[in-house]
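**Student:** Okay, handing you the structure first.
What follows draws every value from the coordinates through simple rules; no lab data is involved. As the structure is a prediction and not an experimental result, all values here were calculated from the model. Because the Cβ atoms are built from the backbone with ideal geometry, glycine has one as well, and the counts that use them run over all protein chains shown.
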Amino acid sequence: MTLKIESAFDGKTATLRLSGRIEEDHLAAIQEEVRRYHPRLAFDLGEATLVDREVVRFLAEREVEGVELVDCPRYIREWIARERSREFPTNP
């Protein structure tokens, strides 16, 4: 299944449901939606089946900017944490 983007707006926050396989090639389309709805934005990742490293980095960056990751699969959450620890290693 390829990427499917659905949007919903509750009057305060826009939620983008990202379903299927999300790859680096899809980031331009997702970024376009981010610009459209920012700053009150959430990504619903409950139906995301597969992501690549660039998507994980993108999600981590958006989360730092205040985008909420809703129903984020555990493997994606753990991968984001690993990427952050590589980017900002703690000093012993």
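**Student:** So which GluC sites (Glu not before Pro) in the chain pass both tests, a DSSP loop state and at most 12 other Cβ atoms within 10 Å of the Cβ?
**Tutor:** Working: sites: E6, E23, E24, E32, E33, E47, E54, E61, E63, E65, E68, E78, E83, E87; in loops: E23, E47, E65.
Listed in order of number, the matching sites are E65.
**Student:** With springs only between Cα atoms under 10 Å, which of A48, A81, A29 fluctuates most in a Gaussian network model of the chain?
**Tutor:** Most flexible of the set in this elastic network: A29.
**Student:** With charges set only on the Cβ (+1 for Lys and Arg, -1 for Asp and Glu), what does the dipole of the stretch 4-87 come to about its Cα centre, in debye to the nearest 20?
**Tutor:** Once rounded to the nearest 20, the dipole reads 180 debye.
**Student:** OK, next. How high is the relative contact order of the chain, given as a whole-number percent (alpha carbon pairs under 8 Å, six or more residues apart)?
**Tutor:** Reported as a whole number, the value is 25 percent.
**Student:** Next question, about the same structure. 222 nm [θ] for the chain, helices only, -39500 (n - 2.57) per DSSP H run of 4+, per residue, to 500?
**Tutor:** When only DSSP H runs of four or more count, the value is -12500 deg cm²/dmol.
**Student:** Give me, ordered by chain and number, the residues 5 or more places off D44 or on other chains with an amide H under 5 Å from its own placed amide H.
**Tutor:** Here the answer is L16, R17, L18, V70, since their amide H atoms fall under 5 Å of that of D44.
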